[in-house]
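Notes for the one structure printed next.
The values are calculated or read from the model by the stated rules, or taken from the named source; none is laboratory data. What you see is a predicted model, and the numbers here were worked out from it, not measured in a lab. Backbone-built Cβ (ideal geometry, glycine too); neighbour counts: all protein chains shown. We work out accessible area using only protein heavy atoms, side chains counted, and drop any ligands, DNA or RNA first. Shrake-Rupley method; radii C 1.70, N 1.55, O 1.52, S 1.80 Å.
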Amino acid sequence: MPQKPPSMITESADCAWEPLSRREKVPCDRFKHAAVAYNGYVYIHGGRQDSVLGDFWRYSIALSRWEQLPSCRQAPDKLEGHSMVAHEGVLYVFGGMVDFGANRDNTPLWMYETDTRRWCEFKAREGQENRPTNRKGHSAVAYQSAMFVYGGYFDIEGSVEEFWVYYLDTQKWSQLCPHTRGVGPGPRHGHSCVTHNAAMFLFGGLKNMAEQNDFWRFDFQRHNWSVIKTSFGPPKSVGHGSVIHQGCLWIVGGGLPSRTPAHNLWRYHFVSRSWKKISRVKQRVDCARVYHCVVAVGGRCTSGGRSSSLCSEHSEALGGDSSAEKLYSFLTLGSNKVTALSACNLIEMKTFNEPPAPPALCSCSFSTGADEQRLLTGYENESFTLLEEGYPQTAPSCGDPAEEEEFFLMIGGKPLSRHCEISVDRVMMK
């Protein structure tokens, strides 16, 4: 039998999905929500369950803990099919308003300051007519000091091929007219977009109600589109997620309308310009989802132009206590993963249904050395197994990106979970 060309060989390395533990109050499961990873947290807003939702949450990656963020008059109301990007301490939420006459000509854009936890709504300046109106199912990415919004749909008119840029510093909108006029993805919704190396990459979606698996690149410097053609790649897909992880583009989930979501997990390698299907997947969760969110976190993963490190805000809460930092470093290690601590010391986290609850990091204090040792020893004995002799005195510094693990999370999606608690699952390459 003829051998498959290199571009058709499936990935041989194991890839494992695992559900992340949850404590206390959690948001309900949902789809068509918006999410972004920023500064050690994943923020999610809105979406749909039985009806459209308007709640706002953040998830601590290090502590596996949810917190519902308060709303206010300036905050967005119920949204679905909207987008969210992060840039220099601000989250930008666009689109997704309920369709009725009063919302049709609105420019639905809200800004949330993560430090002050304040919302403000975009107000068009007098005479500023060139701005986008309400839409759903579009894509939005942040590049340098701008947000780029492509496509979307209106319930009556269907998909659009509008391409807008919002300049974050000047708070002005502009419609892009690429140099390759007539060449591009065309009217599109239900697709996905990511940024990599001064370009935006778009995959799949619905074009005039027809499913697509085409792959496009938009050059931010030249302002032109080019199609990427490969001999092999993902099938036609709508409502999938895409993420940049370990220098590659990953396509997760998705499927065709009115059909069961697919177990899609594909990787595009930018250097070789080829797709690989990840086939050897150890599944502890059902990763066949549609209209979910996928975000990347870890030392070298970025979101909105800033590292989505697991520890910047938590480290500040620790007040510089070296003992607390040691405990925090343990909390950030991944389960079911062997992590190199030094040349001769390895630690493996055991699988456990409910990890021991850590102290509240914002208010913890270590009064005596004996108390500290008892706290750390109890947690270590319950969660870790020494693989070799010579336990290290300190865990890897959470400030060193090279020693932080990288993974990406899949959040929510359809079909909804049985228990109506939002699912947070992570995938890690072995």
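One residue stands out among those in the stretch 41-84 that are hydrophobic (A, V, I, L, M, F, W, C) and part of a loop (DSSP other than H, G, I, E, B): the one that is farthest from His292 (Cα to Cα), which is Cys72. Exactly one residue out of Glu80, Glu129, Glu88 is modelled with pLDDT under 95 and open to solvent by 10 Å² or more (accessible area, probe 1.4 Å): that is Glu129.
Scanning the stretch 23-30 turns up at least one residue that is in contact with a Phe, Trp or Tyr (Cβ under 6 Å, 6 or more places away or on another chain) and either crowded, with 22+ Cβ neighbours inside 10 Å or at pLDDT 95 or above (or both). Considering the stretch 183-293, the qualifying strands (runs of 3 or more DSSP E), each wholly inside and each with 2 or more residues that are under 27 Å from Asn134 (Cβ atoms) and touching a residue at least 40 places away in the same chain (Cβ under 8 Å), run over 192-195, 199-207, 210-219, 241-245.
Residues in the stretch 200-228 that are in contact with a strand residue (DSSP E or B) (Cβ under 8 Å, 6 or more places away or on another chain), farther than 23 Å from Lys136 by Cα and not aromatic (Phe, Trp, Tyr): 5 in all.
When residues of the stretch 162-190 are filtered for being of a type in the set (Asp, Glu), surrounded by 15 or more Cβ atoms within 10 Å (Cβ to Cβ) and out of contact with any His (no Cβ under 9 Å at 6 or more places or on another chain), how many remain?
0
Gly298 - would you say it is closer than 30 Å to Gly182 by Cβ and surrounded by 20 or more Cβ atoms within 10 Å (Cβ to Cβ)? So that I can check it myself, show each step before the final result.
On the way: closer than 30 Å to Gly182 by Cβ: no; surrounded by 20 or more Cβ atoms within 10 Å (Cβ to Cβ): yes.
No.
Residues of the stretch 191-225 that are of a type in the set (Gly, Ala, Ser) and either at pLDDT below 95 or crowded, with 20+ Cβ neighbours inside 10 Å (or both): Ser192, Gly204, Gly205, Ala210.
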